[in-house]
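The values are calculated or read from the model by the stated rules, or taken from the named source; none is laboratory data. Since this is a predicted model, take the numbers as computed values, not measurements. Cβ: placed from backbone, ideal geometry, glycine included. Neighbour counts: every protein chain shown.
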Amino acid sequence: MKLKDKVAVITGGGRGIGRAYALGFAKEGAKVVIAEIVLENAQAVAAEIEDEGGAAIAVKTDVSKEKDTREMARLAIEKFGGIDILVNNAAIYYGIGMKPFHVISEEEWDRMMAVNVKGGWMCTKAVVPQMQSQGSGKIINVASGTFFAGLPMMLHYVTSKGAAIAMTRALARELGAFGINVNCISPGFTMSEASKDMPGIPPGFTEQLVSMQCIKRPEQPNDLVGTAVFLASDKSDWITGQTLEVDGGFILW
């Protein structure tokens, strides 16, 4: 087991890609803290993990609120004795749809930045003191191939995911001296519930993207788990500040 007895906090772990991370980490032996704004979703995933003999807790968390992120960290330490891994996965994506930039409301823009950008910062602030005291830790941010592709019609989302990459690079510089690695995963267009039900998506969009990939099939949530496990494990101790494209060869450098 690559993550045996490690304590992993996964934000937005109640559904979609976050759920895949939570289940995958548990299978590798991690004790999982599922931090999710919809508590019932988190509890359902925690129950799945426990049914398979793993250890997990569900914590209601709005990552844009400091009191919530501090409580998330406190409960993780209280229950499992430490925090080894943070996956900053929580993001506003479900239901946002594709729309021209000039019709995005100020309220929607601000909420996107509060969760997708501020949320990663707040969760990192909450867990880093424990990681510093341990002298080690793995922080995994989640970006998106939409940033590298410059995808139109989702300006607030694309901008927020560019910020996740910038945050990864700056935090890697700041936290490396404490034995903390900070890296980023950039998924392609993944067949989560949110992607399948996205409002405004043009006909044939998924098929067009698949045709541009090296691997000719739609990406699934489980396709991202192996990379996340690697970045969370001691096998990646000499990697930091990096963003890994996990998209079937859509973005090539």
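Quick test for you: out of Thr243, Thr227, Thr206, pick the one residue that is at pLDDT below 95 and hydroxyl-bearing (Ser, Thr, Tyr).
After applying the criteria, what remains is Thr206.
Among Ala91, Ala114, which is touching a residue at least 12 places away in the same chain (Cβ under 8 Å) and either touching a helix residue (DSSP H, G or I) at 6+ places or on another chain (Cβ under 9 Å) or among the acidic types (Asp, Glu) (or both)? Full working, then the answer.
Values: Ala114 fails: either touching a helix residue (DSSP H, G or I) at 6+ places or on another chain (Cβ under 9 Å) or among the acidic types (Asp, Glu) (or both).
Residue meeting the stated conditions: Ala91.
To keep it simple, each residue is scored yes or no on (1) surrounded by fewer than 20 Cβ atoms within 10 Å (Cβ to Cβ); (2) modelled with pLDDT of 95 or more; (3) of a type outside the set (Phe, Trp, Tyr).
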site: Ile92; (1), (2), (3): no, no, yes
site: Gly95; (1), (2), (3): yes, no, yes
site: His102; (1), (2), (3): yes, yes, yes
site: Val127; (1), (2), (3): no, yes, yes
site: Gly135; (1), (2), (3): yes, yes, yes
Query raised in the report: Can you tell which of Val158, Val142 is closer than 20 Å to Phe230 by Cβ and modelled with pLDDT of 95 or more?
Result: Val142
Query raised in the report: Any idea which residue in segment 138-172 is nearest to the chain's Cα centre (by Cα), counting only those that are basic (Lys, Arg) and crowded, with 22+ Cβ neighbours inside 10 Å?
Result: Lys161
Query - Unmet requirement for Asn222, which otherwise passes all of (1) surrounded by fewer than 18 Cβ atoms within 10 Å (Cβ to Cβ); (2) over 16 Å from Tyr21 (Cα atoms); (3) in contact with a helix residue (DSSP H, G or I) (Cβ under 6 Å, 6 or more places away or on another chain) - result: (2)
Requested in this report: Identify the residue in segment 217-247 that is within 25 Å of Ala26 (Cβ to Cβ) and of a type in the set (Gly, Ala, Ser) and, among all such residues, is farthest from the chain's Cα centre (by Cα).
Outcome: Ser236
Report summary line: Checked Gly53, Gly95 against criteria (under 18 Å from the mean Cα position of the chain (by Cα) and not hydrophobic (A, V, I, L, M, F, W, C)); the one match is Gly95
Requested in this report: Assess whether Ile49 counts as being buried (at least 20 other Cβ atoms within 10 Å of the Cβ), modelled with pLDDT under 95 and farther than 18 Å from Gly137 by Cβ.
Outcome: no
Report summary line: Among the residues of segment 55-67, the number that are without any contact (Cβ under 8 Å) to a residue 12 or more places away in the chain and buried (at least 17 other Cβ atoms within 10 Å of the Cβ) is 0
**Report entry** So Lys216, is it farther than 23 Å from Asn88 by Cβ, at pLDDT 95 or above and surrounded by fewer than 21 Cβ atoms within 10 Å (Cβ to Cβ)
**Finding:** yes
Requested in this report: Could you tell me whether Ala76 is surrounded by 15 or more Cβ atoms within 10 Å (Cβ to Cβ), at pLDDT 95 or above and not in a loop (DSSP other than H, G, I, E, B)?
Outcome: yes
Requested in this report: Return the only residue of Lys67, Lys99 being of a type in the set (Lys, Arg) and either in contact with a Leu (Cβ under 6 Å, 6 or more places away or on another chain) or under 18 Å from Thr146 (Cβ atoms) (or both).
Outcome: Lys99
